[in-house]
Amino acid sequence: MADIQDDIANLKPLYAARLAEDLERNALEQERLVSEVAALQERLETLRGNQVLLVNMQQALGEVEGSGGTLSQAGPSKVDRIEQSTSERAVSPAVSAVVAPGGRSTPTLRDLVVGYLSEQGRPCSALVVTDALSDAHRDRGIKITVVRSTLEAMVAKGQVRRSKQGKSVFYTAVAATVADKDLVAT
């Protein structure tokens with residue numbers, strides 16, 4: 001019994017030293033992570049400021065180009081997509097109040113997607129569509145994979161047109177595309 005008490009007496013200082021070392025390592029790691037998070041937050045704020053500056057410059061450039069009549073027809077630029085995904089996710093009441101054909105109170109995802117794309121009248125990515133519909137219909141669990149599958153099914157049926165710009169894919173409602181062509185022709 002005395003041997004056990006001697007072993008316990010010898011182990012206590014070892015455990016205490018080990019715990020002290022572990023606590024010190026934990027505190028140092030926390031300090032390191034806090035400084036990394038602070039640095040990342042500063043960098044994020046800088047990037048956000050740069051984004052605002054770039055968007056303003058692009059808008060000013062777009063107005064200058066618009067007066068000359070030479071706007072790009074390739075679809076939205078990268079800054080436009082960033083701006084849409086961060087600040088233009090507000091959905092008009094028309095999209096949030098879509099009523100399904102046949103008087104159903106809950107519209108299908110297809111109805112919502114077509115309504116949103118028709119309202120936008122310009123190419124939108126699956127991410128932008130998902131974000132807008134998720135914001136407008138918070139009670140529904142709208143996932144990007146489901147929206148993308150729905151968009152591709154609608155492309156196959158001819159209800160939506162797909163266009164690519166680099167690696168990005170954009171979708172436009174067919175009715176909006178036809179209406180845009182009519183406006184250009186007149």
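The values are calculated or read from the model by the stated rules, or taken from the named source; none is laboratory data. Not measured: the values here are computed from a predicted model. Cβ placement follows ideal geometry from the backbone for every residue including glycine, while neighbour counts extend to all protein chains displayed. Keep in mind that these areas ignore ligands, DNA and RNA; they rest on the heavy atoms of the full protein, side chains included. Shrake-Rupley method; radii C 1.70, N 1.55, O 1.52, S 1.80 Å.
Considering only residues of region 130-167 that are free of Cβ contacts under 8 Å to residues at least 60 places away in the same chain and part of a strand (DSSP E or B), which is surrounded by the fewest Cβ atoms within 10 Å (Cβ to Cβ)?
So, considering only residues that are free of Cβ contacts under 8 Å to residues at least 60 places away in the same chain and part of a strand (DSSP E or B), the one surrounded by the fewest Cβ atoms within 10 Å (Cβ to Cβ) is Lys164.
Which of (1) open to solvent by less than 60 Å² (accessible area, probe 1.4 Å); (2) in contact (Cβ under 8 Å) with a residue 40 or more places away in the chain does Arg122 not meet, given it meets every other one?
(1)
With the condition kept exactly as written, say whether any residue in region 140-155 is among the basic types (Lys, Arg) and modelled with pLDDT under 90.
Within region 140-155 (the criterion being among the basic types (Lys, Arg) and modelled with pLDDT under 90), the answer is yes, since at least one residue qualifies.
Could you please find all residues in region 5-48 being among the polar types (S, T, N, Q) and surrounded by 10 or more Cβ atoms within 10 Å (Cβ to Cβ)?
Answer for region 5-48, where residues must be among the polar types (S, T, N, Q) and surrounded by 10 or more Cβ atoms within 10 Å (Cβ to Cβ): Asn26, Gln30, Ser35, Gln41, Thr46.
From the list Ala27, Ala20, Ala9, Ala39, which one is at pLDDT below 85 and assigned to a helix (DSSP H, G or I)?
Ala9
Out of all the residues in region 120-129, which are part of a loop (DSSP other than H, G, I, E, B) and touching a Phe, Trp or Tyr at 6+ places or on another chain (Cβ under 9 Å)?
Arg122, Pro123, Ser125
State which residue pairs qualify: first residue aliphatic (A, V, I, L, M) and inside region 38-64, second residue at pLDDT below 85 in any location, beta carbons under 6 Å apart, and separation of 6 or more residues or different chains.
Taking only residues 6 or more apart or on different chains, the pairs are Leu54/Val79; Val55/Val79; Val55/Glu83.
Conditions first: (1) modelled with pLDDT under 85; (2) in contact with a strand residue (DSSP E or B) (Cβ under 8 Å, 6 or more places away or on another chain). Gln58 passes all but one, so which condition is the exception?
Against the list (1) modelled with pLDDT under 85; (2) in contact with a strand residue (DSSP E or B) (Cβ under 8 Å, 6 or more places away or on another chain), Gln58 comes up short only on (2).
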